[in-house]
Protein chains: 2
Amino acid sequence: MKVLVCYDVARDDNGARRLRKVARICEDYGIRVQYSVFECLVDPAQLLMLKRSLEQAINMKVDSLRYYHLGKNWKNKVEHVGAKVAIDMENDLLLF
Amino acid sequence: MKVLVCYDVARDDNGARRLRKVARICEDYGIRVQYSVFECLVDPAQLLMLKRSLEQAINMKVDSLRYYHLGKNWKNKVEHVGAKVAIDMENDLLLF
């Protein structure tokens with residue numbers, strides 16, 4: 001099943017480190033489609049592991065995660081307009 | 001129907017202005033759930049207007065929009081973990 005993971009990580013002292021960690025975890029399970037949005041193709045067991053890793057990586061008081069279950073036939077539920085953002089995986093920078 | 005709008009706006013010269021405009025447009029149709037993620041409850045006609053406004057507001061070469069059609073019973077498709085981000089609507093800042 002396809003699960004969309006959206007995250008906001010606060011820009012406090014450790015924010016950059018948590019942001020990189022969250023992105024790294026998501027990369028193991030899916031594809032980055034926007035700066036803080038990943039599309040992950042996971043089975044229920046993988047989803048549990050993904051969630052556990054992410055929820056350990058964030059600061060629950062100031063960061064947030066949203067999971068959207070897009071189900072099986074998710075392809076016709078998604079539309080993209082504009083630039084395909086190329087992400088520099090090493091430095092988490094947006095390349096234009 | 002519920003449509004999730006996710007956007008990435010490049011941080012170039014006019015990026016901040018486009019970012020505010022995109023957020024303002026989304027605010028007319030829905031609720032901000034993360035810094036660049038809105039949940040919009042729209043009918044087909046409203047969705048068309050929302051898209052037209054957003055696609056006029058962005059720079060197609062460097063910004064991106066993703067629409068996710070969550071359908072009718074979207075409530076059990078969404079999970080939130082962590083902070084409920086309070087957004088300062090005036091300055092588009094995240095308040096923690």
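The values are calculated or read from the model by the stated rules, or taken from the named source; none is laboratory data. Note that this is a predicted model, so its numbers are computed, not measured. Note: ideal-geometry Cβ built from the backbone for every residue, glycine included; neighbour counts use all protein chains shown. Please note that ligands, DNA and RNA were not included when accessible areas were found on the heavy atoms of the full protein model with its side chains. Shrake-Rupley method; radii C 1.70, N 1.55, O 1.52, S 1.80 Å.
A search for C-beta distances below 8 Å between a residue of the stretch B:1-27 that is farther than 25 Å from B:Pro44 by Cβ and any residue that is of a type in the set (Lys, Arg) and surrounded by 13 or more Cβ atoms within 10 Å (Cβ to Cβ), counting only pairs 6+ apart in sequence or on different chains, returns B:Val9/B:Arg18.
Scanning the stretch A:24-51 for residues that are part of a helix (DSSP H, G or I) and open to solvent by less than 20 Å² (accessible area, probe 1.4 Å) returns A:Cys26, A:Leu47, A:Leu50.
If a residue must be more than 25 Å from B:Val5 (Cβ to Cβ) and either among the aromatic types (Phe, Trp, Tyr) or more than 8 Å from every other protein chain (Cβ to nearest Cβ) (or both), how many such residues does the stretch A:3-17 contain?
Taking the stretch A:3-17 and keeping what is more than 25 Å from B:Val5 (Cβ to Cβ), we get A:12-14, A:16-17.
Subset that is either among the aromatic types (Phe, Trp, Tyr) or more than 8 Å from every other protein chain (Cβ to nearest Cβ) (or both): A:13-14, A:16-17.
Within the stretch A:3-17, residues that are more than 25 Å from B:Val5 (Cβ to Cβ) and either among the aromatic types (Phe, Trp, Tyr) or more than 8 Å from every other protein chain (Cβ to nearest Cβ) (or both) number 4.
Within the stretch B:9-26, can you find the residues that are among the charged types (D, E, K, R) and modelled with pLDDT under 95? Explain how you work it out, then say what you get.
Step one: list which residues in the stretch B:9-26 are among the charged types (D, E, K, R), which gives B:11-13, B:17-18, B:20-21, B:24.
Within the stretch B:9-26, B:Arg11, B:Asp12, B:Asp13 meet the criteria.
No other residue among A:Lys21, A:Lys61 is away from chain B (no Cβ under 12 Å) and either more than 23 Å from B:Ser64 (Cβ to Cβ) or part of a strand (DSSP E or B) (or both) apart from A:Lys21.
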